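See below for the structure under consideration.
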Amino acid sequence: MDTIDGVHAVRPDADTTATPSVASVTVEFPPHRHTQDAAIAALADWAGTEFQRFAASSGVEARNFALPLSQYTELNGFTDANDAFIDVALELCEQALLSALAAANVEPSEVDIVFSTTVTGLAVPTLDARLATRVGLRPDVKRVPLFGLGCVAGAAGVARMHDYLRAFPDQVAALIAVELCSLTVQHNDRSIPNLIATSLF
C-alpha cells in the first residue's frame with residue numbers, strides 16, 4: 001500500500017534532562033483507492049493468471065495507489081515511475097508535514113532538523129530538500145535523508161531523531177517516512193516474488 005507514514009513532529013520538553021517526546025503523528029494516503037478486484041482487472045493483461053491467483057488469495061481488500069490504475073500501464077520503465085514517485089511523494093510529504101506541525105502547534109520555521117526516509121523512489125536533491133522551500137522551513141534547517149533501510153526505516157528514523165534531540169534538547173525535529181510501493185511494479189518481471197509483491201503492495 002502506498003502511504004506517507006509516520007510524519008513525526010517532535011518538540012523537546014523545556015527540561016533539558018527530559019527524554020524527547022513525540023508531539024504529533026500524521027498519516028497521509030494517496031487519493032487513488034481501489035479494491036483488490038479493480039487492481040487485478042487493471043493488471044490482468046500484464047500479469048496473467050498467476051498474479052490473479054496470488055492477488056485473489058492475498059486477503060487484501062483495497063489499496064491506495066500513487067496514480068490512477070489506468071496510468072500504470074503507461075509507465076515506461078524506472079525513469080517514468082521515479083518521476084511519478086517524486087511528484088506524488090512531495091505532495092503527500094507536504095500535506096503530512098504541515099498537518100503534523102499544526103497538530104504539534106509548531107511553525108515550519110521552528111523546525112531545526114528534518115529526517116526523511118524512503119526505499120521506493122530516488123530523488124536528488126532529496127525529498128526533504130525539495131520540501132524545505134515548499135513548506136517554509138528555514139534556509140539553515142538541517143536535513144538527514146536516510147535510504148535503503150527497508151521496513152525498519154521508520155523505526156531507524158525515530159532512533160536517529162531521538163539521538164539528535166538528546167544531544168540538542170532545545171531543538172525541534174521532524175521525521176518523514178514515505179513509501180509508494182505501487183510505483184515499484186516491474187513490468188518485465190513475471191517472477192513469483194514480483195507477482196506476490198505486486199499483489200500485496
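The values are calculated or read from the model by the stated rules, or taken from the named source; none is laboratory data. Bear in mind the structure is a predicted one, so any value in this text is a computation, not a measurement. So basically every Cβ, Gly included, is an ideal-geometry build from the backbone, and we count neighbours across all protein chains shown.
Within the set Ser116, Ser70, the sole residue that is of a type in the set (S, T, N, Q) and either outside any helix (DSSP H, G or I) or closer than 20 Å to Val158 by Cα (or both) turns out to be Ser116. Return yes or no: is Ala123 touching a residue at least 12 places away in the same chain (Cβ under 8 Å), touching a Lys or Arg at 6+ places or on another chain (Cβ under 9 Å), among the hydrophobic types (A, V, I, L, M, F, W, C) and not in a helix (DSSP H, G or I)? It is true that Ala123 is touching a residue at least 12 places away in the same chain (Cβ under 8 Å), touching a Lys or Arg at 6+ places or on another chain (Cβ under 9 Å), among the hydrophobic types (A, V, I, L, M, F, W, C) and not in a helix (DSSP H, G or I). Against the list (1) closer than 30 Å to Glu107 by Cβ; (2) part of a strand (DSSP E or B); (3) at pLDDT 75 or above, the condition Pro30 fails is (2). Considering the conditions (1) on the phi < 0 side of the Ramachandran plot; (2) over 13 Å from the mean Cα position of the chain (by Cα), Leu127 is excluded by exactly one of them, (2). Inspection of segment 114-134 finds no residue satisfying the criterion of being of a type outside the set (Val, Ile, Thr), under 14 Å from Ala23 (Cα atoms) and at pLDDT 95 or above.
Scanning for something assigned to a helix (DSSP H, G or I), touching a Gly at 6+ places or on another chain (Cβ under 7 Å), more than 27 Å from Ser21 (Cβ to Cβ) and in contact (Cβ under 8 Å) with a residue 60 or more places away in the chain, does segment 77-88 turn up at least one residue? Yes, some residue in segment 77-88 is assigned to a helix (DSSP H, G or I), touching a Gly at 6+ places or on another chain (Cβ under 7 Å), more than 27 Å from Ser21 (Cβ to Cβ) and in contact (Cβ under 8 Å) with a residue 60 or more places away in the chain.
Does at least one position in segment 183-192 carry a residue that is part of a helix (DSSP H, G or I) and surrounded by 17 or more Cβ atoms within 10 Å (Cβ to Cβ)? Step through it out loud before you land on a result.
Pass one, segment 183-192, residues part of a helix (DSSP H, G or I): 183-184, 192.
From the residues that got through so far, the ones that are surrounded by 17 or more Cβ atoms within 10 Å (Cβ to Cβ) too are 183-184.
Yes, some residue in segment 183-192 is part of a helix (DSSP H, G or I) and surrounded by 17 or more Cβ atoms within 10 Å (Cβ to Cβ).
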